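What follows is a set of notes on a single structure, which appears directly below.
The values are calculated or read from the model by the stated rules, or taken from the named source; none is laboratory data. Note that the coordinates shown come from a computational prediction; the quantities given were computed from them, not determined experimentally. Please note: Cβ atoms are built from the backbone with ideal geometry, for glycine as well, and neighbour counts cover all protein chains shown. Accessible surface areas use protein heavy atoms only, side chains included; no ligands, DNA or RNA. Shrake-Rupley method; radii C 1.70, N 1.55, O 1.52, S 1.80 Å.
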Amino acid sequence: MKKLILFLLLGLLVISNIFSQGRNGLYSNVNRSTGSLIVSTGPYYCFGDANGSPLQNSIINGTNWINSIGFRQYFPGNFAYKASVQYGSFRNVDTSKRNFSSDAQVLGLTVVGEYFIHFGATPRYNSYNHHAISIFVGTGVVNSTMSYPSNAIVGKASELAPIFPFGFGYQYHFSNELSLGAEVGWQFSTSDYLDGFHPESFSNYPDILGGFNVTLAYKLFGRRGFLAN
């Protein structure tokens with residue numbers, strides 16, 4: 001797990017460094033872009049094969065959450081990409097006699113494309129576009145490591161699988177440097193083992209991660225203009 005964490009962080013740093021060279025004028029096609037550090041946290045759930053509702057556990061009692069740290073490159077024309085390393089904890093409780101219960105620790109790397117619509121400016125009163133809504137879609141990879149209660153069926157120990165995140169969000173820009181927002185998103189997996197189980201007799205769909213995040217963005221470099229009217 002430690003090696004995987006280091007690998008994902010290294011990948012994020014490499015991606016961020018490649019695109020951030022625009023601030024030094026090394027790539028003419030991105031020298032008008034903006035680079036920002038993004039951190040986020042919030043309740044997330046693994047919709048898998050357990051019969052019980054994942055909503056019966058939450059971030060309040062220490063599970064069913066995702067934290068992430070990432071880098072966003074914002075280009076002229078309202079398009080951006082975001083690369084993030086995420087870490088989450090999920091509890092799956094089965095209320096049926098099958099007892100497909102597990103605790104999963106999830107570590108992943110995602111890269112998404114984003115499109116923003118900025119609004120709220122009133123030139124007559126010299127106010128600016130403090131608001132923005134966005135949509136995003138992308139791809140990534142996730143590693144899930146499971147543990148099981150003593151009385152539960154023991155499933156798979158770990159699973160590495162591609163994921164495909166998408167969703168929408170809102171941001172409020174306090175200034176050209178700082179913004180606070182929220183995102184609602186889903187991550188569709190190609191695997192049915194993110195919770196450790198794949199009961200072939202009735203499981204027809206891969207596992208899905210989904211939930212809500214609060215995001216904080218701080219501009220590291222680049223052009224001004226997010227708030228221009």
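See the values below:
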quantity: Residue satisfying condition, being out of contact with any helix residue (DSSP H, G or I) (no Cβ under 8 Å at 6 or more places or on another chain) and closer than 17 Å to PHE90 by Cβ, within set ALA157, ALA121; calculated: ALA157
quantity: Restricting segment 69-125 to residues that are out of contact with any Asp or Glu (no Cβ under 9 Å at 6 or more places or on another chain), closer than 19 Å to PHE47 by Cβ and small (Gly, Ala, Ser), the residue that is surrounded by the most Cβ atoms within 10 Å (Cβ to Cβ); calculated: GLY108
quantity: Selection status of SER89, over 17 Å from GLY181 (Cα atoms), hydroxyl-bearing (Ser, Thr, Tyr) and modelled with pLDDT of 85 or more; calculated: yes
quantity: Selection status of ASN31, modelled with pLDDT under 85 and of a type in the set (S, T, N, Q); calculated: yes
quantity: Index of the failed condition, LYS97 passing every other in (1) closer than 24 Å to ALA217 by Cα; (2) out of contact with any Lys or Arg (no Cβ under 9 Å at 6 or more places or on another chain); calculated: (1)
quantity: Scan of segment 183-217 for residues that are touching a residue at least 40 places away in the same chain (Cβ under 8 Å), closer than 15 Å to ASN67 by Cα, open to solvent by less than 60 Å² (accessible area, probe 1.4 Å) and of a type outside the set (Ser, Thr, Tyr), ordered by number; calculated: GLU183, GLY185, GLN187, LEU209, GLY210, GLY211, ASN213, ALA217
